[in-house]
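Working notes, beginning with the structure itself.
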Amino acid sequence: MLGVFRRFVFGVAVFSLIAPAALAEAGEQWSVLHVGRLLAVPGEAPIERATVVVKDGRIAEVLGGYAAPGELAGAREATITLIDLTEAFVTPGFIDCHTHITMEMSPKIRMEWVQLSEADWALRGAAYAKRTLEAGFTTIRNVGSNERAAFALRDAIEAGHVPGPRILCAGHSITPTGGHGDTHGYREDLFELPTAFQGVADGVDGCRKAVRAQVKRGADVIKITATGGVLSATNAGTEQQFFDDELEAIVETAHLLGRTVAAHAHGTAGINAALRAGVDSIEHGSLLDEESISLFKKTGAYLVPTLMAGEVVVAVATNFPDEFPAAVREKALMIGPAMMKSLGNAHREGVRIAFGTDSGVSAHGDNAREFELMVEAGMSEMDAIHAATINAAKLCGIEDEVGTIEVGKAADLVAVQGDPLKDIGALKEVMFVMRGGEVVKK
Ligand SMILES: [Zn+2]
């Protein structure tokens, strides 16, 4: 894909007389990227013709014009790879705040829940993580997964055993008994009675315990199902499921332990109750009213719209009517179209939007389709990219690490052809991905 991918070795043989500090210097690996158009900070205009210098996995310099590698200070002691992106548009790596990385919906999924093991889910997750990374998503927030598979995947990626995006991991969604996130429509003896570790919790004490159990297991973030869900096989609807004191107990406990709370919520009363309890984001946010919008603005919570989930469930319910149980089909046809309208309203009113797809409901690797839907819902191309970089990084609490191409941050970069500020669909054809200074697609 790349025109030129050259390696310059300026370093000379290193002898034992050289001091240890100099030895370290001599081994430095740099990447120097010549970029046609660089959107270093989404929201600001792109820089035409820029050089990005990457050292030790981080952005070391961002310079105007194409700097010759040999002229950079300290270049003589380094091994430099020159990466030619002069024909490309480069953005910070994308962040998807709503994925289910160890599963993917298919007609077989209801059988798979009772057939597959944690090991099966983890290995599938490794394949999905690679697809996600190669689609330009260098960070994901995984909000709801099986027992330990997603934690194992997160840790294996971090240790370098398998390729994938950096993962912030929620563990099990916390749900009341019978809520979205509990099991539905199966013989009860197929599943052991769920505990706080499986995220099923009732009452203030139960909710506190469920948060603590997820954190004990390694959760970076807490996911709750504040309302019913489209895909749970129950006719309990899509309205509020936790009592207000339960929601408050979850938020207080999570914040006490330094974790944010992502609340799945479709129905208006449930969205508003979750916002009043102080959640950090509303996931889906399908049916917003004026009060929801003012609560968002008052609390500073983010909306993570997941328009792809709406698109997929409507398509399945329309084209494959037998694939969903009747209760699911009815909810899908009602909720799907509402999401687009709610995002349009929220964005116009100044609600902070962070990018999320619900991948796993849609296919992993197709994540960039969400950009097109966001623009269709009324966001500008720049605002959609801002939602998937700066805003998503802020929601995840990692804005010092990722979200822009600035000195000191992790070198997470994505290159596409064309101009995504004019045609957002260009982001679906990623030609180059760097994560933490390592080229993972070229
Ligand atoms: Zn989800």
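Nothing in this text is a laboratory measurement; each read-out follows from the coordinates by a stated rule. Everything quoted here is computed from the prediction, not taken from an experiment. Every residue, glycine among them, receives a Cβ derived from its backbone with ideal geometry; neighbour counts consider all protein chains shown.
Residues with beta-carbon under 12 Å from that of residue 397, excluding residue 397: net charge, scoring Lys, Arg +1 and Asp, Glu -1? Numbers along the way, then the final one.
On the way: positive: 141, 259, 394; negative: 220, 280, 399, 400, 401.
Overall, the nearby charge balance is -2.
With the charge dipole of the chain set up from +1 on Lys and Arg Cβ and -1 on Asp and Glu Cβ about the Cα centre, the Cα lying farthest toward the positive end among the listed residues 197, 46, 237 is that of 46.
Would you be so kind as to identify which of 133, 101, 78 lies farthest towards the positive end of the dipole of region 41-141, taking Lys and Arg as +1 and Asp and Glu as -1 on Cβ and the Cα centre as origin? So the residue furthest toward the plus end is 101.
Relative to the longest principal axis of the Cα atoms of the chain, the long axis of helix 118-134 makes an angle of roughly 50 degrees. Restricting attention to the chain, close to 45% of DSSP beta bridges with both partner residues there are antiparallel.
With +1 on the Cβ of every Lys and Arg and -1 on the Cβ of every Asp and Glu, and nothing else charged, how large is the dipole of region 139-208 about its Cα centre, in debye rounded to the nearest 20?
Details: 6 positive and 9 negative charges, 81 e Å.
That gives a dipole near 380 debye.
Region 314-334 to region 127-162: how many Å between their Cα centroids? Answer, in whole Å: 29. Charge dipole (Cα centre; +1 on Lys/Arg Cβ, -1 on Asp/Glu Cβ; no other charges) of region 152-278 amounts to roughly 440 debye.
Each Cα pair of region 25-69 feeds into the Kirkwood radius, which the Stokes-Einstein equation turns, at 20 °C and 1.002 mPa s, into a diffusion coefficient of 192 µm²/s. Between 425, 356, 171, the Gaussian network model of the chain with springs among Cα atoms under 10 angstrom shows the greatest mean-square fluctuation at 425. Overall shape: oblate for region 286-420, with the ratio a/c of the largest to smallest alpha carbon gyration tensor axis at 1.5 or above and b/c at least equal to a/b.
Charges were assigned to the Cβ only: +1 to each Lys and Arg, -1 to each Asp and Glu. The resulting dipole of the chain about its Cα centre is roughly 680 debye.
Below 8 Å, C-alpha to C-alpha, sequence gap of six or more: please give me the relative contact order for the chain in percent. Please list the in-between numbers first.
Details: 1060 pairs, mean separation 80.8, N = 442.
After rounding, I find 18 percent.
Under a 5 Å amide H cut-off, with hydrogens placed 1.01 Å from N, residue 88 pairs with 36, 37 among residues at least 5 apart or on other chains.
Given the pairs 331/441; 130/341; 55/394; 55/441, which are separated by over 27 angstrom at their Cα positions?
Details: 331/441 39 Å; 130/341 33 Å; 55/394 24 Å; 55/441 19 Å.
In this structure, 331/441; 130/341 exceed 27 Å between Cα atoms.
The 3J(HN,Hα) values that the Karplus relation (6.51, -1.76, 1.60; θ = phi - 60°) gives for region 334-350 are, in residue order, 7, 7, x, x, 5, 4, 4, 5, 5, 5, x, 4, 4, 5, 4, 7, x Hz. Gly and Pro appear as x.
Taken over the chain, the ratio of Cα radius of gyration to 2.2 N^0.38 Å equals 1.02. Ranked by the mean number of other Cβ atoms within 10 Å of their residues, highest first, the peptides 272-280, 259-267, 198-206 come out as 259-267, 272-280, 198-206. Principal axis extents of the Cα atoms in region 91-212, from largest to smallest and rounded to whole angstrom, are 44, 33, 23.
Order these peptides, 93-104, 66-77, 209-220, by their mean beta-carbon neighbour count within 10 angstrom, highest first. Write out the running numbers ahead of the final one.
Numbers: 93-104: 27.9, 66-77: 14.4, 209-220: 20.3.
Top to bottom by mean Cβ count within 10 Å: 93-104, 209-220, 66-77.
Note that region 377-384 has calculated 3J(HN,Hα) couplings of 6, x, 7, 6, 4, 5, 5, 5 Hz, one per residue in order, obtained from phi through the Karplus relation 6.51 cos²θ - 1.76 cosθ + 1.60 (θ = phi - 60°); glycine and proline are x. Rounded to the nearest whole Hz, the Karplus-based 3J(HN,Hα) values (6.51 cos²θ - 1.76 cosθ + 1.60, θ = phi - 60°) of region 267-272 follow the sequence x, 4, 4, x, 4, 5, with x at glycine and proline.
Placing unit charges on the Cβ atoms of the charged side chains and taking the dipole of region 94-396 about its Cα centre, the candidate lying farthest along the positive direction among 207, 183, 288 is 207.
Check each of the GluC sites (Glu not before Pro) in region 171-276 and keep only those in coil by DSSP with at most 10 other C-beta atoms within 10 angstrom; list them in order. Spell out each step's value before the answer.
Working: sites: 188, 192, 239, 246, 248, 252; in loops: 192, 239.
Loop-located and lightly packed - 192.
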